[in-house]
Amino acid sequence: MRAELRLAGEDERYIRRALKLAGQAGDAGEVPVGAVLVQDGRVVGEGRNRMIESADPTAHAEIEALRAACGSAGNYRLPGAELFVTLEPCAMCAGALVLARVARVVFSAHDPRSGAAGSMFNVLHNKSLNHRCEVQSGLLEEESAELLRAFFQSRR
């Protein structure tokens, strides 16, 4: 049980770090989503939404974190890696996570409109694919959801 408590504490620490990145995205006028990629107990990639800033529809937080980690690893596969993200990944991001062989995805808030980790689709655990990610959801869900709500309310 102590190992589980330690892991839960580490998970929360990484999600809090992702929430800080999400806040930076929101401050920059982007949808506030942040992601932290961890492998072997250390952060190997981070990202925040940058679609507007980079004029790139693929510049989601998860993709940014994957690009950073894969670039430094010199490999497009990250076996054993864990992604901590503030919003349920979309189909594009989920597909990239499967291709990268990420072992586990922990996300805060569900995305009922385009979530691909069980809400709308289930790409991360699709039995037709040759890799599946372990998925855990709801960690600091309310904090992430509030950040998103506040962002979209300020846009109206």
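Restricting to DSSP loop positions (anything but H, G, I, E, B) with no more than 12 other Cβ atoms inside 10 Å of their own Cβ, which trypsin sites (Lys or Arg not before Pro) remain in the range 91-150? Present the calculation step by step, with values, prior to reporting the outcome.
Working: sites: 101, 104, 113, 127, 132, 149; in loops: 101, 113, 127, 132.
The qualifying sites are 113, 127.
Based on a Kirkwood Rh over C-alpha pairs, give the Stokes-Einstein translational diffusion coefficient of the range 1-82 at 4 °C and viscosity 1.567 mPa s in µm²/s.
Details: Rh = 13.2 Å.
For the chosen part, D equals 98 µm²/s.
Can you give the charge dipole size of the range 1-100 about its Cα centre, rounded to the nearest 20 debye, using +1 on the beta carbon of Lys and Arg and -1 on the beta carbon of Asp and Glu? Before the final figure, lay out each step's value.
On the way: 11 positive and 14 negative charges, 55 e Å.
That gives the range 1-100 a dipole magnitude of about 260 debye.
Could you report the range 3-156's accessible area per residue, 1.4 Å probe, as an integer in Å²?
On the way: 7840 Å² over 154 residues.
Result: 51 Å² per residue.
Scan the chain and note any complete DSSP helix (H) whose C-alpha atoms cover at least 27 Å along its axis and whose Kyte-Doolittle average is 0.5 or more.
On the way: long enough: 2-27 (38 Å, -0.82).
What comes out of the filter, once short or polar helices are dropped, is none.
Of 79, 120, 108, whose Cα points farthest to the positive end of the dipole of the chain (charges on the beta-carbon: +1 Lys, Arg; -1 Asp, Glu; origin at the Cα centre)?
Most positive-ward Cα: 79.
Restricting to bridges with both residues inside the range 1-147, how much of the DSSP beta-bridge set is antiparallel, in percent to the nearest 5?
Working: 11 of 20 bridges.
Close to 55 percent.
Taking only C-alpha pairs under 8 Å that are 6+ residues apart, what is the relative contact order of the chain in percent? Before the final figure, lay out each step's value.
Details: 335 pairs, mean separation 28.5, N = 156.
Contact order relative to length: 18 percent.
Would you work out what percent of the accessible area of the chain, with all protein chains in place, is carbon or sulfur (probe 1.4 Å)?
Values: 4280 of 8210 Å².
After summing per-atom areas, the C and S share lands at 52 percent.
Per-residue ellipticity at 222 nm for the chain, helices alone: DSSP H runs ≥ 4 residues times -39500 (n - 2.57), over residue total, nearest 500 deg cm²/dmol?
Working: 5 runs with 67 residues, N = 156.
Calculated from helices alone, the mean residue ellipticity at 222 nm is -13500 deg cm²/dmol.
Obtain the nm distance between the two label points defined at residue 143 and residue 24 by a simple spin-label model: each point lies 7 Å from its Cα along the Cα-to-C-beta direction.
1.6 nm
The values are calculated or read from the model by the stated rules, or taken from the named source; none is laboratory data. Predicted, not measured: the structure shown is a model, and the values here were computed from it. Don't worry about glycine lacking a Cβ; one is built from the backbone with ideal geometry, like all the others, and counts go over all protein chains shown. Ligands, DNA and RNA are stripped out before the accessible areas are found, and what is left, the full protein with its side chains, is counted by its heavy atoms. Shrake-Rupley method; radii C 1.70, N 1.55, O 1.52, S 1.80 Å.
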